[in-house]
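The values are calculated or read from the model by the stated rules, or taken from the named source; none is laboratory data. This one's a predicted model, so the numbers in the text were calculated from it and none came from an experiment. We place every Cβ from the backbone using ideal geometry, glycine too, and count neighbours over all the protein chains shown. For the accessible areas, the whole protein counts, side chains as well, though only heavy atoms, and no ligand, DNA or RNA atoms are used. Shrake-Rupley method; radii C 1.70, N 1.55, O 1.52, S 1.80 Å.
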2 protein chains.
Amino acid sequence: MPADLRHSWTDIRDRIHGAILNGTYRPGDKLPRDEDIAQQMGCARSTVQRAMRDLSDAGIVERKRKGGTQVRADPLTRATLDIPITRREVEQRGSVYGYQLLHREIAVAPLSVGARFARRDPSRMLHVEALHLADQRPYILEDRWVCTDTVPEILSVDLSRQSANEWLVHNKPYSRCDLRFYAIEADARIARQLDAAPGAALLVMERTTWIEDAPITTVRAVTRPGYQLFTRS
Amino acid sequence: MPADLRHSWTDIRDRIHGAILNGTYRPGDKLPRDEDIAQQMGCARSTVQRAMRDLSDAGIVERKRKGGTQVRADPLTRATLDIPITRREVEQRGSVYGYQLLHREIAVAPLSVGARFARRDPSRMLHVEALHLADQRPYILEDRWVCTDTVPEILSVDLSRQSANEWLVHNKPYSRCDLRFYAIEADARIARQLDAAPGAALLVMERTTWIEDAPITTVRAVTRPGYQLFTRS
DNA sequence: ATAATTATTATGTAGCTACATATTAATGTC
DNA sequence: GACATTAATATGTAGCTACATAATAATTAT
């Protein structure tokens, strides 16, 4: 086939998606089999396969062997979140990044922290509190526990100069990550640290990471008032 | 090649990822070219290609034509959020879903709403306020504007029986969606509607959808106290 | 020397074949 | 009729080839 009238898989995807958008196929409807679509649209099955895989990843269609492809009966919103390291986030906003270590200790992790790792037995960990600044003003307050069994090297890192966030991300990649978002009211201490009114509503991002089955770290990042999180694109 | 000693692309991906996790390749490092990896691991280039595409989608490596592949110099956390329709979310929690229409009017959208659509000129839209319930208790309070130019059919839907959320999702698929999360303090009215303490910190999800360039709807969903949003697996 | 042009090269894509896998449908057995 | 077995079928995957594309490196022209 002449290369210039081949169809790209993104075109095929968009045409199938278009047929869903314009109502040709509605939620729950079954789509033709890949081979028929390929023939109808004048491309190879592998091209349809790629298009379908993308639509499937996006949560638009559901595919089952032998069962065929159907438009998701109960659509959902699927979005991708990119969370860079805090320093980069601040710099991308065009602000000057600052960092301040507030507290560092070795302590037995409370049960609530163990629970985030799905562990019952409490263990001694490194506990760090730090403040990230944007243009000299508080930006994110982080409360972190690092598992010293998994990451003993962290004990010899000078965390007053480099945030644990940054060190970990460059030295201990994770294989699994859980994220959680919720809102809290600033108590007196948090209000003071973040320069917020006591009782102010603040967005919290909680992140826990593992390498294989070994826990690495868990952070509770309390954002400054007015902070917004949004999806890319 | 005998089928039973072929390597699957997920295996290849995991081996490459493993080499990154164990420090063989560190952030910023360049990886060998696909063909060399293929030869080394005993598979076809297309298999490496698929593995790399996955690692690239996950934000672990960066690929450039001719430039080759390198481990992302500045790692980020990339996560996928699934937000089902509220009814389903409630039912999946094992609760009984309820719904209540609070307010319905045709009105000129305020500038703040127009801004979410990136539109300057204010226009008449359908404004709906509704409450989603879980086990008879308030769960999510939604404040929605629907563009009647794009979705005129919405005007003849009985929104006291079916939520706009549900009708739209089954009848007007979108091609683009913006999401935004932040925290607010409950004012007197919201506190009353959501059965929350005045001043309570609440997580808000704001969602705006389009079909092609035409605006469909924008919602501000205020969640009940204690609501948490998390990433799938 | 600098700029414009031309290779070179690694990834990206399209198409092909062959077979694996999961599931449903059909068939046979008790 | 209920249950186990077998066949049929749509998607999933691995490997192959050929070429497209983009970015860099080398070369030539000014």
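The set of residues in segment A:131-150 being basic (K, R) and farther than 12 Å from A:D195 by Cβ consists of A:R144 alone. Answer yes or no as to whether B:A201 is in contact (Cβ under 8 Å) with a residue 24 or more places away in the chain, at the interface with another protein chain (Cβ under 8 Å from one of its Cβ atoms) and more than 21 Å from A:A79 (Cβ to Cβ). So B:A201 fits the description; yes.
A residue that is surrounded by 17 or more Cβ atoms within 10 Å (Cβ to Cβ) and within 7 Å of chain A (Cβ to nearest Cβ) cannot be found anywhere in segment B:153-168. Considering A:I106, A:I83, A:I140, the condition of being β-branched (V, I, T) and open to solvent by 60 Å² or more (accessible area, probe 1.4 Å) is satisfied by A:I106 alone. Of the numbered criteria (1) open to solvent by less than 10 Å² (accessible area, probe 1.4 Å); (2) in a strand (DSSP E or B), the one A:C177 fails is (1).
Scanning segment B:47-72 for residues that are basic (K, R) and either more than 13 Å from DNA strand C (Cβ to nearest atom) or assigned to a helix (DSSP H, G or I) (or both) returns B:R50, B:R53, B:R72.
Based on this model, can you work out whether B:S56 counts as farther than 29 Å from A:I83 by Cβ and within 14 Å of chain A (Cβ to nearest Cβ)? In short, no.
The set of residues in segment A:1-56 being within 28 Å of B:L168 (Cα to Cα), surrounded by fewer than 14 Cβ atoms within 10 Å (Cβ to Cβ) and within 11 Å of DNA strand D (Cβ to nearest atom) consists of A:K30, A:R33.
Matching residues to (1) in a strand (DSSP E or B); (2) farther than 24 Å from B:E206 by Cβ; (3) in contact (Cβ under 8 Å) with a residue 40 or more places away in the chain:
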{"position": "B:D74", "(1), (2), (3)": "no, yes, yes"}
{"position": "B:V90", "(1), (2), (3)": "no, no, yes"}
{"position": "B:G94", "(1), (2), (3)": "no, yes, no"}
{"position": "B:V113", "(1), (2), (3)": "no, no, yes"}
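For a quick check of your reading of the model, give me the residue pairs whose first member lies in segment A:182-193 and is charged (D, E, K, R), whose second is in a loop (DSSP other than H, G, I, E, B), with beta-carbon atoms closer than 8 Å and at least 6 apart or on different chains. So the pair list comes out as A:E185/A:G199; A:E185/A:A200; A:E185/B:G199; A:E185/B:A200; A:D187/A:P198. Here A:R88 clears all of (1) touching an Asp or Glu at 6+ places or on another chain (Cβ under 7 Å); (2) open to solvent by less than 70 Å² (accessible area, probe 1.4 Å) except the condition numbered (2).
Applying the condition of being in a helix (DSSP H, G or I) and more than 11 Å from DNA strand C (Cβ to nearest atom) to segment B:19-46 and asking which residue is farthest from the other protein chains (Cβ to nearest Cβ) yields B:Q39.
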